[in-house]
Amino acid sequence: MKFPDVLIAALLKANSLVFFTGAGISAESGISTFRGKGGIWNKMKPEELANFDAFMKKPDLVWEWYQYRRKIINETGPNPAHTAIAEFEKYYSDVSVVTQNVDNLHNRAGSKNVFELHGNIEKNYCVDCETHYSSPEITFSEKVPKCEKCGGLIRPDIVWFGEMLPQDVFINGDKAAARCDICFIIGTSAVVYPAAHIPITARDKGAYLVEINIEESNISDKVNCFLKGKAGVILPALLNEIMNKIKPQ
Ligand code: BJW
Ligand code: ZN
């Protein structure tokens with residue numbers, strides 16, 4: 001695979017990288033995206049499943065939907081795109097992964113600095129007293145579990161529509177974007193805010209923007225370099241390109 005010289009030059013000069021990722025990076029692990037061809041929102045309605053009112057109205061239905069997703073995630077693992085991102089840490093002193101994904105695959109791949117903007121499907125908390133639960137007994141319970149302390153419903157620790165993102169996570173992800181030299185935007189339609197503002201912060205602070213996607217997205221007209229194709233093919237090839245030219249940290 002031939003990459004533009006200007007991209008390789010930017011990579012050889014950079015100290016700080018941000019990987020801003022979305023559902024497309026996990027598509028090659030067998031996890032469906034939300035929008036576009038094969039997207040889950042084509043079959044399931046987000047307003048019936050991915051918001052707090054839907055959960056309070058039909059907790060068992062919403063819980064079952066997340067159980068289905070957890071099972072798929074549990075049976076798969078990181079793909080070469082996740083692994084390549086974790087490997088980049090060996091060559092750069094400051095690497096951050098700012099992800100919209102809840103599937104935990106960046107952590108499982110070994111990335112150390114992961115900002116999960118929309119939560120993590122392996123975590124849960126009580127809607128009433130906010131006690132956190134991550135034990136497998138809770139996570140894999142068939143019916144929606146109840147809080148040991150107060151009897152409240154336990155929900156997945158995921159940011160639904162209309163909910164605030166975890167502020168510390170967003171602020172730290174945004175700070176990483178503000179100081180990075182290169183921001184990769186991988187497998188996202190970049191339509192969901194405020195997450196989609198992360199690459200805009202990077203661009204406004206002078207970073208070089210590289211998008212990897214199988215098709216153009218909402219941000220494609222703002223990037224410096226668009227690499228069309230699968231993340232699991234392009235990222236390992238790009239890593240391979242620089243690993244002989246940069247000394248590991
Ligand atoms: C490949 C590939 C391969 C495929 N290789 N690429 C302005 C107007 C209207 C509404 C709003 C607005 N600003 C904010 C809002 C509200 C809303 C929002 O943004 N809506 C927009 C959709 C318009 N935002 C919110 O509600 C957020 N909260 C908020 O704003 O709080 C403030 C507030 C609070 C209270 C009152 C008022 C304001 C919260 C957003 C939470 C999003 N949560 C979800 C669902 C989680 C639940 C679950 O998982 O079930 O998170 S939505 C869903 O979209 C999920 C994702 O993280 C997110 C982003 O999707 P992503 O990752 O981009 O995936 P896709 O499917 O869209 O794209 C996949 C891409 O991959 C495609 O481009 C493919 O081509 C590509 N691809 N294979 C490379 N192999
Ligand atoms: Zn409770």
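Residues in segment 76-91 that are surrounded by 19 or more Cβ atoms within 10 Å (Cβ to Cβ) and either touching an Asp or Glu at 6+ places or on another chain (Cβ under 8 Å) or hydroxyl-bearing (Ser, Thr, Tyr) (or both): Asn79, Pro80, Ala81, Thr83. Taking segment 1-27 as the search range and keeping residues that are in contact (Cβ under 8 Å) with a residue 60 or more places away in the chain and assigned to a loop (DSSP other than H, G, I, E, B), which one is surrounded by the most Cβ atoms within 10 Å (Cβ to Cβ)? Only one residue fits best here, namely Gly22.
Yes/no matrix, rows are residues, columns are (1) among the aliphatic types (A, V, I, L, M); (2) touching a residue at least 24 places away in the same chain (Cβ under 8 Å):
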residue	(1), (2)
Glu142	no, yes
Ile212	yes, yes
Glu216	no, no
Ile219	yes, yes
Val223	yes, yes
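Right, Lys123: open to solvent by 20 Å² or more (accessible area, probe 1.4 Å), under 20 Å from Val62 (Cβ atoms), within 19 Å of the chain's Cα centre (by Cα) and within 16 Å of ligand 2 (Cβ to nearest atom) or not?
Numbers: open to solvent by 20 Å² or more (accessible area, probe 1.4 Å): yes; under 20 Å from Val62 (Cβ atoms): yes; within 19 Å of the chain's Cα centre (by Cα): yes; within 16 Å of ligand 2 (Cβ to nearest atom): yes.
Against the criterion (open to solvent by 20 Å² or more (accessible area, probe 1.4 Å), under 20 Å from Val62 (Cβ atoms), within 19 Å of the chain's Cα centre (by Cα) and within 16 Å of ligand 2 (Cβ to nearest atom)), Lys123 qualifies.
Listed conditions (1) more than 12 Å from ligand 1 (Cβ to nearest atom); (2) open to solvent by less than 10 Å² (accessible area, probe 1.4 Å); (3) within 27 Å of Ala190 (Cα to Cα); (4) out of contact with any helix residue (DSSP H, G or I) (no Cβ under 8 Å at 6 or more places or on another chain) are all met by Asp53, apart from (2).
Among the conditions (1) exposed (fewer than 15 other Cβ atoms within 10 Å of the Cβ); (2) part of a helix (DSSP H, G or I), the only one that Gly30 does not satisfy is (2). Cβ-Cβ distances below 7 Å connect the following pairs, each with a first residue in segment 41-58 that is modelled with pLDDT under 85, a second residue that is hydrophobic (A, V, I, L, M, F, W, C) and exposed (fewer than 15 other Cβ atoms within 10 Å of the Cβ), and a separation of six or more residues or different chains: Pro46/Phe161.
Scanning segment 3-33 for residues that are of a type in the set (Gly, Ala, Ser) and under 20 Å from Ile200 (Cβ atoms) yields Ala10, Ala14, Ser16, Gly22, Ala23, Gly24. Each residue in segment 18-50 was checked for being touching a helix residue (DSSP H, G or I) at 6+ places or on another chain (Cβ under 6 Å) and within 23 Å of Lys90 (Cα to Cα), and 5 of them qualify. Restricting attention to segment 56-110 and to residues that are within 13 Å of ligand 1 (Cβ to nearest atom), outside any helix (DSSP H, G or I) and in contact with a Ser or Thr (Cβ under 8 Å, 6 or more places away or on another chain), the residue that is farthest from Lys43 (Cα to Cα) turns out to be Val98. Of the residues in segment 129-162, how many are within 21 Å of Leu49 (Cβ to Cβ) and either of a type in the set (D, E, K, R) or in a loop (DSSP other than H, G, I, E, B) (or both)? Total satisfying the criteria: 14. Residues that are more than 20 Å from the chain's Cα centre (by Cα), open to solvent by less than 20 Å² (accessible area, probe 1.4 Å) and either under 22 Å from Glu87 (Cβ atoms) or of a type in the set (Ser, Thr, Tyr) (or both) occur at least once in segment 214-230. Scanning segment 157-171 for residues that are touching a residue at least 60 places away in the same chain (Cβ under 8 Å) and farther than 15 Å from Gln100 by Cβ yields one hit, Gly162.
Of all residues in segment 41-50, which are more than 8 Å from ligand 1 (Cβ to nearest atom) and more than 23 Å from Ser141 (Cα to Cα)?
Result: Asn42, Lys43, Lys45, Glu47.
The values are calculated or read from the model by the stated rules, or taken from the named source; none is laboratory data. If you're wondering where the values come from, they're calculated on a predicted model, not measured in any experiment. We place every Cβ from the backbone using ideal geometry, glycine too, and count neighbours over all the protein chains shown. Please note that ligands, DNA and RNA were not included when accessible areas were found on the heavy atoms of the full protein model with its side chains. Shrake-Rupley method; radii C 1.70, N 1.55, O 1.52, S 1.80 Å.
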